[in-house]
Amino acid sequence: MLQRYGHNRYRKSNAWFAGAVVVALLSLTGCSLSPSSSNVKPDIQVTDETRNEQQEQQEQQEQQEQQEHQEQQEQQEQQKQVDQQALLTAFKLQLKEAADASELVAYMGDNMKKAEQTTADAMLRGLFDYYDAHLTEAQDAFFEPDVQEVLTAVTWPITNASVEAIPDEEVKVLVQQAYAGGYKLESVEGSIYPVVDYRHWSGIGQLLSDQLRDYVELMALESDEATAKDGGLHITWDELASRALLAEAFILEHKDSPEREEVQNKYVNGYMMMYVNGLPNSAVHDAQSYRLLEEVKNSYQATIASAPESVTARLTKSFVEILAKHGDLVMEEKNGEAAEIADVKNFRKDLPQHAEMLLK
């Protein structure tokens, strides 16, 4: 019994010991295998904080680079403005001190490509103002003693390329100076004198604003070939209508242009008055029958058909309708003398006011 008891006691002791070992091992294993938030989370937090810090640094660097780029652009723009102002200031000084237009044209030839659009516009407008102020002076020089005699003896036309044919040295220099100043020579009623050569400036159109470029092109048509000379039409009636339409387009498209008033005056009191009234040596009617000339009537009809909504066509149509009421007669006999038909006279008298109203 004792032996049996002893044996059982040993077995119980062993079981208790084994259980304790197992519990201890499980406790140790549990500590090592179970994920602990205190051990894992710090690593994740460090990684996130590092990433956020790197992103913040990168964003700050990008913002700094953008700011530096913007500042650099602003500095460049400010420098451009300074350069443009200096260019324009120097040109204005030239305007005051220039002995003649050739000095201004030379300056512009050297500097125009440096000019931005607004500067280029200002410089060219300054030159045109100079022409307006000094054109009479430039023309008067051609009426000094013996100048006309020398020029009229030279084969016409006298171009920049044929100046060398002028035998008189002083007259030759005078003509060369005129061409260098942006003028060309025109012959009217037996006299030769300079006029502004606007075609000279059409080659820089890409530097100019749309409104000034269009103005130069419109004026170049006149300097290439004058609308009227010696009291008569120097171009065809169709070409006259075409110039009227171009002037009208400028007026309507460039309402804020400084040149608008000038072009409108040319349109109303120039092109349209010539188109409807004719000229002393280019009447719109036959001298004997007083009837509207066929070529003029054809031009009127072509204008009405080609641009029916234009102011030019609408005015022309009104005139044609008045003439149609009177069998296309412009004049009539009164007391043995030719006199305008009353409706025709009234239309012509009211034409400027009517045209200006339609152009608003």
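The values are calculated or read from the model by the stated rules, or taken from the named source; none is laboratory data. What you see is a predicted model, and the numbers here were worked out from it, not measured in a lab. Quick reminder, even Gly has a Cβ in these numbers, built from the backbone with ideal geometry, and neighbours come from all protein chains shown. For accessibility, only protein heavy atoms count, side chains too; no ligands or nucleic acids. Shrake-Rupley method; radii C 1.70, N 1.55, O 1.52, S 1.80 Å.
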Checklist entry - Which loop-located chymotrypsin sites (Phe, Trp or Tyr not before Pro) does segment 91-178 contain, where loop means any DSSP state but H, G, I, E or B and the Cβ has at most 16 other Cβ atoms within 10 Å? => result none
Next on the checklist: If I compute solvent accessible area with a 1.4 Å probe over the protein chains, what percent of it on segment 209-360 is carbon and sulfur?
Outcome noted: 47 percent
Next on the checklist: Under the 0.36 nm per residue contour assumption, what length would be gained going from the current alpha-carbon distance of GLU333 and GLN66 to full extension?
Outcome noted: 87.7 nm
Item to check | By average C-beta atoms within 10 angstrom, highest first, the peptides 178-184, 113-119, 335-341, 262-268 | outcome: 178-184, 262-268, 113-119, 335-341
Checklist entry - Once you put a point 7 Å from the Cα of GLU321 and another 7 Å from the Cα of THR155, both along the Cβ direction, what distance in nm separates them? => result 5.5 nm
Checklist entry - Could you list log10 I(q)/I(0) for segment 188-317 at q = 0.16, 0.22 Å⁻¹, which the Debye formula gives when each Cα is one point scatterer? => result -0.86, -1.34
Checklist entry - Under a point spin-label approximation (7 Å from Cα along Cα-to-Cβ), what is the ALA141-LYS360 distance to one decimal in nm? => result 4.6 nm
